[in-house]
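Please treat every number below as a calculation from the coordinates, not as lab data. All of these numbers come straight from a predicted model, not from anything done at the bench. Counting neighbours? That spans all protein chains shown, and the Cβs are built from the backbone with ideal geometry, glycine included.
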Amino acid sequence: MKITEVQAILADIPTRRPHAMSFGTLTLQNFVIVRMRTNAGLTGLGEAAITGGPTWHEESAETVKAVIDRYLTPVVLGQDPFRVEHLLRAMDGAAKGNHFAKAALEFACFDLVGQALRVPVSTLLGGTVRDRIAYSWSLATGDADQEIAEAKALADRGSTLFKVKVGARPAAEDIGRLERIAAALPPPIKLRADANQGWDEPTTLRMLPRLAEIGLDLLEQPVARWNLAAMARITAASRLPIMADESVSTIQECLEAARRHIAHVWSLKMTKVGGLVRAKQAAAIAEAAGIPCYVGNMIETGIGTAAYAHFCASTPVVTQGCELFGPLLLADDLTREGIRYEDGHVLVPDGAGLGVTLDESKVERYARRG
Ligand code: MN
């Protein structure tokens, strides 16, 4: 099989409600959807979504499209999508970094291989250890009353994991909001908080005893991605588990995070780290270091969510649940099948490849023009 055409399509889909994080408020999510055609008549799909674009990380939907069109497509055209490791090497040779762009193409290769062999991508990744994953819903309106109502409606349908986005307002306000939410949502509900690098070390150290009293399940990425020394000191000082997200964005950072014990738990994201193969390598480092993992999201449509779900299904160290709520927060999806949810869990697609196909009328509707 040979790759004969790669299309990178920019698309924008509104969210059902504004989604407020420490680095900005999201109302319209941007994507690059990859359509990879072959001489075998098969079409593979990929996706890169970056919540907040360059306000969160170095890449954005626009850079992803530019890098795919100009630098990555030329090195994958004419190549066999079965040779994933070879293609990752070739893409690394053509462009440094740019993990989201590479991941979108790698997802499409895995989709093609799965379709060709008539097996789900989870089978290619080692086979399933679970067929459903508990997902966490993010409370991110900043309005505690609204967040409590939103969480209760989901809890009634079986959800037990919630993450409160903090760091957009003064920490004392976040504590008050967390106290109210925790009082309204007692165990067995697990409440987590994600500061998305929004705090500094002194603020975090001051907040830790209060957060532990509230009964928070864990605190995610309190300080800047680069501040590993502070992450390590916070982790050493904390009674509640600390999770790293932005600080574990490359496999090299994962190794350093394990060595310096910067967190008790890692949030893995398949696009952040450069694809499914790289995410497996990150998971191997975590497993060797005794670090349980969670799988975050970037608010993907059904395409990216399917790729993430196949990873969760096939990776034992992912014991802390996932965050694959993208299709629930977005006002619409781009796939015909959609992603199925049941009792607070996301179900892993069981069709060949990623197990989802594009709804062309939706692509037509949401593709960016001009
Ligand atoms: Mn995070």
query: Once you charge only the Cβ atoms, +1 for Lys and Arg and -1 for Asp and Glu, what is the size of the charge dipole of the range 233-370 about its Cα centre, to the nearest 20 debye?
result: 520 debye
query: Once the Cα atoms of helix 99-117 and of the chain are each reduced to a long axis, what angle between those two axes, in degrees from 0 to 90 to the nearest 10, is obtained?
result: 60 degrees
- prompt: Between R259 and A183, what length comes free when the chain is fully extended (0.36 nm per residue of separation minus the Cα-Cα distance, one decimal in nm)?
  reply: 23.6 nm
statement: Of all C-alpha pairs within the range 34-94, those more than 12 angstrom apart amount in percent to 73 percent
query: Under 5 Å between amide H atoms, partner at least 5 residues away or on a different chain: which partners does S136 have, H built in plane at 1.01 Å?
result: C322, E323, L324
message: Suppose each label sits 7 Å from its Cα in the direction of the beta carbon; what would the E364-L205 distance come out to in nanometres?
response: 6.1 nm
field: Cα Rg, Dmax, the range 13-146, angstrom units
entry: 17.4, 55
task: Between L105, L255, L88, find the one with the highest GNM mean-square fluctuation for the chain; connect C-alpha pairs within less than 10 Å.
output: L255
message: As I understand it, the value is the acute angle between the Cα axis of helix 201-214 and the longest principal axis of the Cα atoms of the chain; what does it come to in degrees, rounded to 10?
response: 80 degrees
message: Ignoring GluC sites (Glu not before Pro) that are buried or in helix or strand per DSSP, and keeping those with at most 16 other beta carbon atoms within 10 Å, what is the longest stretch of the chain between them?
response: 59-336
task: Work out, step by step, the length gained on full extension between Q146 and Q281: first 0.36 nm times the residue separation, then minus their alpha carbon distance; give nm to one decimal.
output: 44.7 nm
message: Among 115-125, 7-17, how do they line up by average Cβ neighbours within 10 Å per residue, starting with the highest?
response: 115-125, 7-17
query: How many percent of the alpha carbon pairs in the range 241-360 exceed a separation of 22 Å?
result: 32 percent
- prompt: With the Cα gyration tensor of the range 143-228 giving a ≥ b ≥ c as the square roots of its eigenvalues, does the rule (a/c under 1.5 for rounded; else a/b larger than b/c for prolate; else oblate) give rounded, prolate or oblate?
  reply: prolate
field: Lys, Arg +1 and Asp, Glu -1 on Cβ, resulting dipole of the range 101-178 about Cα centre, debye, nearest 20
entry: 280 debye
- line: For the range 210-257, the Cα-Cα pair-distance distribution in 5 Å bins from 0, as whole percents, is 5, 22, 31, 22, 12, 6, 2
statement: Working note, the range 77-142: Cα radius of gyration (Å, one decimal) and Dmax (Å, whole number) are 15.8, 49
Sites E342 and A229, calculated FRET efficiency, Cβ-Cβ separation with R0 30 Å, nearest 0.05: 0.10
message: Using the Cα centre of the range 172-230 as the reference point, and only Cβ charges (+1 on K/R, -1 on D/E), how large is the resulting charge dipole? Debye, rounded to the nearest 20.
response: 100 debye
message: Bins of 10 Å, beginning at zero and ending with the bin holding the largest distance: percent of Cα pairs per bin for the chain, please.
response: 5, 26, 35, 24, 8, 1
